[in-house]
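Some notes on the structure that comes next.
The values are calculated or read from the model by the stated rules, or taken from the named source; none is laboratory data. Only a predicted model underlies this, so the values are computations on that prediction, with no experimental measurement involved. Counting neighbours? That spans all protein chains shown, and the Cβs are built from the backbone with ideal geometry, glycine included.
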Amino acid sequence: MNREAPWLLLALFSMPALADFKGSVSFATNYVYRGYTKSMNNPVGPGNLEYEHELGLYAGLWVAPVSFDDEYHDDRAQVEINPYLGWATKFARNWKLDLAASRYLYDGKVFGQDSDYNELDGSLHYRDLLSARVAFAYDTYNRGAKTLAYELVGRLRGRRCTENVEQP
């Protein structure tokens, strides 16, 4: 047996962590995304696993059950998988920039068609009071439609106010 191996392992595990893993599972009474339901108004339990590096780079995987109102089609999607990559950085005392790319993958078809697509988004945050987000998909649900969505979120005295609009 190599005598240096235990010392190398001890040194590796005693170094400060340069990255962090986190995950979550939640419960929602309805999966509403940009104003429409992806669960036909039924409860869902989505989950998320994310890796963050101290340089601001992150990668993750969001998984959620879906149920679109397409009962007349075979091979209906029942799961949405959303892998994503991004970079976030503070660039002034109270400001944070977040840029990300994601892919929406479905285990079946949505309304009888393959519907996987990519999305790019950017967010700008001021403290924990105001956030603005813009997202662009050049082939939403693989239908040839370009989609621009924007969101403005304000928080005041522990309350949250949201304006969310999608433009086809």
Output for the range 71-88, where each listed residue is assigned to a loop (DSSP other than H, G, I, E, B) and crowded, with 16+ Cβ neighbours inside 10 Å: Ala77
Unmet criterion (only one of (1) in contact (Cβ under 8 Å) with a residue 12 or more places away in the chain; (2) exposed (fewer than 13 other Cβ atoms within 10 Å of the Cβ)) for Lys96: (2)
Cross-chain or 6+ apart pairs with Cβ under 6 Å, the range 101-124 first and under 12 Å from Asn82 (Cβ atoms) and touching a residue at least 40 places away in the same chain (Cβ under 8 Å), then surrounded by fewer than 19 Cβ atoms within 10 Å (Cβ to Cβ) and basic (Lys, Arg): none
Residues (outside any strand (DSSP E or B) and surrounded by 15 or more Cβ atoms within 10 Å (Cβ to Cβ)) located in the range 35-66: Lys38, Ser39, Pro46, Gly56, Val66
Condition met for Tyr104 (surrounded by 15 or more Cβ atoms within 10 Å (Cβ to Cβ) and at pLDDT 90 or above): yes
Asn142 in contact with a Ser or Thr (Cβ under 6 Å, 6 or more places away or on another chain), polar (S, T, N, Q) and over 30 Å from Glu54 (Cβ atoms): yes
Single residue of Val134, Val153 found to be modelled with pLDDT of 95 or more, surrounded by 12 or more Cβ atoms within 10 Å (Cβ to Cβ), touching a strand residue (DSSP E or B) at 6+ places or on another chain (Cβ under 9 Å) and among the β-branched types (Val, Ile, Thr): Val134
